[in-house]
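We did not get these values from a lab; they are worked out from the coordinates using the rules stated. Keep in mind that this is a model prediction, so the values were computed, not measured. Virtual Cβ from ideal backbone geometry, glycine too; neighbours counted across all protein chains shown.
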Amino acid sequence: MSDYMPVEVIMEILQRLPVKSLVRCRSVCKSWNTLISHPSFISTHLQASLPNNTPFLLLGCNKRGRLEYSLHYDNDGFGKFKQLPLPPIGCVSNSKVVGSCNGVICVYLYPHDLYPRDHDELRFVLWNPSIQKYISLPQLSFSEPADFNFGFGFDSRTNDYRLLTVGVDIIYRLVQPYLFSLNENCWKRVNAFSTNYEFLPVPLHFVNGAVHWLGFRKRNNGAFSHAILGFDLSAEEFFEINLPESFSSLGPFDLSIMEYGKSFIAVTTHQIAVVFQELWVMKEYGVVESWTKVLTLHTGPRSWIPDVLGFRKNGEVLLHMGIAKMVALDLNSQQMEASLYLNSQQIVLLAVDVGADLLSVRSYVESLVLLDKVGNVYSESDVNHPIDSSDYDESSGGESDLA
């Protein structure tokens, strides 16, 4: 076909196709396969498709002891797009999603005893369900007991996907952090920053080129100082973002953070004694003065505090109500510091059964990322089968035809 049409025209046409069609186009001829699998095409296609890409939300649920992941349209209907077949990564019930970025999902595989111990190893898989491909990362060994959490994100400067380990010892102090680079396919030590903050083993969140988590320290008067601690994936430097002084009366377990859009951090606070929850947003990233309280939830003395799951593209906040219900609340319609009772008509019940054990809600876009990397390709018939290295064909670079 290239004999009748210039390569530039073919490139322009292919860049406008969705991921599913491009995967099929790889089998047209060798030249198309080489073109579509090239890193520059993958990057160009992603950047061109992001503004018009169909936004999805990735839901992770634990149903009857089995992990299930599905994509839902991030629109008014919130309809289910498809169930995601898990890659053959062994015991999928002992795993969790670390993060999702540009269509790549980072999955952590728990050790056999579920909790890391001395001289154990950390195992991860990078998984792109849109192209049915996963890559097992080199295992990372550690020699001291610690609780770990991880931050996964993208370094736009080097076009690299990176994974940071942040561990705390039994007194909540930072242990040696490590950083994985997909381009280099290896782990390396990173310089631990000097700080008096302690940490809890909580999820890390990728925003504005950095991963973030919470730190705290106790003052002499019994109050706490809180800060968001970040690690810039490109500069490989740690930094701090101060939280409002009014948070000093809250304990470490009363705070949590999450991403809000592409360059904001949201913080949720709750106080069980008085049964209310607040949601704060940093309107301008890195500017302490821009912290704004956007929502206060009063649940009543006999009610539970809903879980804040995340945010939709339109800015609505997603709340998990406990009994297999998920609701969306439009923050734009709320006045600052206004109280909202959970029986308010302003809450919209989403038409989706999320199960009692909803684990995570994350934004997701389809992409070709990982198509150019050495790794395994699986079909839906492989789901939940353990990894077998004998299936890996080094002569073809770990590639095989998609089913």
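Once amide H atoms are built 1.01 Å from N in the peptide plane, which residues 5 or more positions from Ile265, or in another chain, come under 5 Å H to H?
Tyr260, Met282
Determine, from the Cβ-Cβ distance of Tyr285 and Thr34 and an R0 of 51 Å, the FRET efficiency 1/(1 + (r/R0)^6), rounded to the nearest 0.05. Intermediate results must be reported in sequence, preceding the final value.
On the way: r = 40 Å, r/R0 = 0.77.
Given R0 = 51 Å and the Cβ-Cβ separation, E is 0.80.
What FRET efficiency do you get for Phe253 and Gln47 if R0 is 51 Å and r is their Cβ-Cβ distance, rounded to the nearest 0.05? Don't jump to the answer; show the numbers that get you there.
Numbers: r = 40 Å, r/R0 = 0.79.
After rounding, the FRET efficiency stands at 0.80.
Give me the net charge for the shell around Ile171: Cβ to Cβ below 14 angstrom, other residues only, Lys and Arg +1, Asp and Glu -1. Intermediate values should be presented prior to the final figure.
Values: positive: Arg173, Arg217, Lys218; negative: Glu144, Asp147, Asp169, Glu198.
For residues surrounding Ile171, the net value is -1.
Report the label-to-label distance for Ala235 and Asp169 in nanometres (one decimal), using points 7 Å from each Cα along the Cα→Cβ vector.
Computed distance between label sites Ala235 and Asp169 equals 2.9 nm.
Quick one: if you stick a label point 7 Å off each Cα along the C-beta vector at Lys188 and Ile10, how many nm between them?
Taking the simple label geometry, Lys188 and Ile10 are separated by 3.8 nm.
When Lys and Arg each count +1 and Asp and Glu each count -1, what net charge do the other residues less than 10 Å away from Phe247, Cβ to Cβ, add up to?
Values: positive: none; negative: Glu245, Asp254, Glu278.
Here the count lands on -3.
Cβ under 13 Å from Gly99's Cβ, Gly99 left aside: what net charge do those residues give with Lys, Arg +1 and Asp, Glu -1? Display every interim value, and only then the final one.
On the way: positive: Lys96, Arg162, Arg362; negative: Glu259.
Taking every Cβ under 13 Å from that of Gly99, the sum is +2.
May I ask you to compute the full-extension gain from Lys63 to Phe276, defined as 0.36 nm times their residue separation minus their alpha-carbon distance, rounded to one decimal in nm? List each step's numbers first, then the result.
Values: separation 213, 0.36 × 213 = 76.68 nm, distance 2.91 nm.
Contour length minus the Cα-Cα distance gives 73.8 nm.
If you average the C-alpha positions of region 153-198 and of region 54-77 separately, how far apart do those two centres end up, in angstrom?
Distance between centres, Cα-based: 28 Å.
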